[in-house]
Amino acid sequence: MILDFNKIDLVKLDNFKGGEGYIEANMFFDGLNRIFIARIKKGSSIGYHLHETSSEIMYVLEGVATLNYNGEISKFTKDQCHYCKKGNMHSVSNEEDEDLVMFCVVPEQ
């Protein structure tokens, strides 16, 4: 299967996972797994949440992500990847002027 994110509708998700502001995403969902490109504007975030039944991979395409992973704060940037293993918690925010753009995969396990 080939996914063309230019042909997947862009959706605006307010307060995604309890976060601030909104994210925009071209999101593929097959009923089990999510694969998407997310764009997060300055001051917006994906809220702190637990991955009970899935893991998540976030790969930065543009910008700088501020990560809270199990209470530990760090940053990751273009060409770096964050892996949230099933059973862990995380949030991602954009504190920079430039948009944060990430390729994300959330496989159910």
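Every number in this text was worked out from the coordinates using simple rules, so none of it is lab data. Given the structure is predicted, the values throughout are model-derived calculations rather than measurements. Note that each Cβ is placed from the backbone with ideal geometry, even for glycine, and that neighbours are counted across all protein chains shown.
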Quiz item: Mind listing the phi-derived Karplus ³J(HN,Hα) values for the range 18-34, rounded to whole Hz, using 6.51, -1.76 and 1.60 with θ = phi - 60°, and x for any glycine or proline?
Solution: x, x, 8, x, 8, 10, 10, 8, 9, 10, 8, 9, 9, x, 9, 10, 10
Self-check item: Net +/- balance of residues flanking residue 54 in space, Cβ distance below 9 Å, scoring K and R +1, D and E -1
Solution: -1
Quiz item: Quick one: in the range 1-64, what % of C-alpha pairs are over 20 Å apart?
Solution: 29
Quiz item: Got a sec to turn the phi values of the range 99-109 into Karplus ³J(HN,Hα) couplings, 6.51 cos²θ - 1.76 cosθ + 1.60 with θ = phi - 60°, whole Hz, x for Gly and Pro?
Solution: 4, 9, 10, 9, 9, 10, 10, 10, x, 5, 10
Quiz item: Which aspartates and glutamates have a Cα lying under 17 Å from the Cα of residue 41, excluding residues fewer than 8 positions away in the same chain?
Solution: 14, 20, 24, 62, 95, 96, 97, 98, 99
Exercise. Tell me which residues come under 5 Å, amide H to amide H, from residue 78 once H is placed; ignore anything under 5 positions away on its chain.
Key: 63
Self-check item: Proximal lysines relative to residue 85, as straight alpha-carbon distance under 25 Å, when same-chain residues fewer than 8 apart are discounted
Solution: 17, 75
Quiz item: Which ³J(HN,Hα) values in Hz, rounded to whole numbers, follow from the phi angles of the range 46-51 under the Karplus curve 6.51 cos²θ - 1.76 cosθ + 1.60, where θ = phi - 60° and Gly and Pro get x?
Solution: 9, x, 5, 8, 9, 9
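Considering only the other residues whose Cβ falls under 14 Å of the Cβ of residue 15, what net charge follows from Lys and Arg at +1 and Asp and Glu at -1? The partial results should precede the final answer.
Values: positive: 12, 17, 41; negative: 14, 20, 24.
After counting each charged neighbour, the total is 0.
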Quiz item: Rg (Å, one decimal) plus Dmax (Å, integer) for the alpha carbons of the chain?
Solution: 12.9, 37
Practice problem: Quick one: which residues, 5 or more positions from residue 88 or on another chain, have an amide H under 5 Å from its amide H? H modelled 1.01 Å from N in the peptide plane, none for Pro or chain starts. | Solution: 51
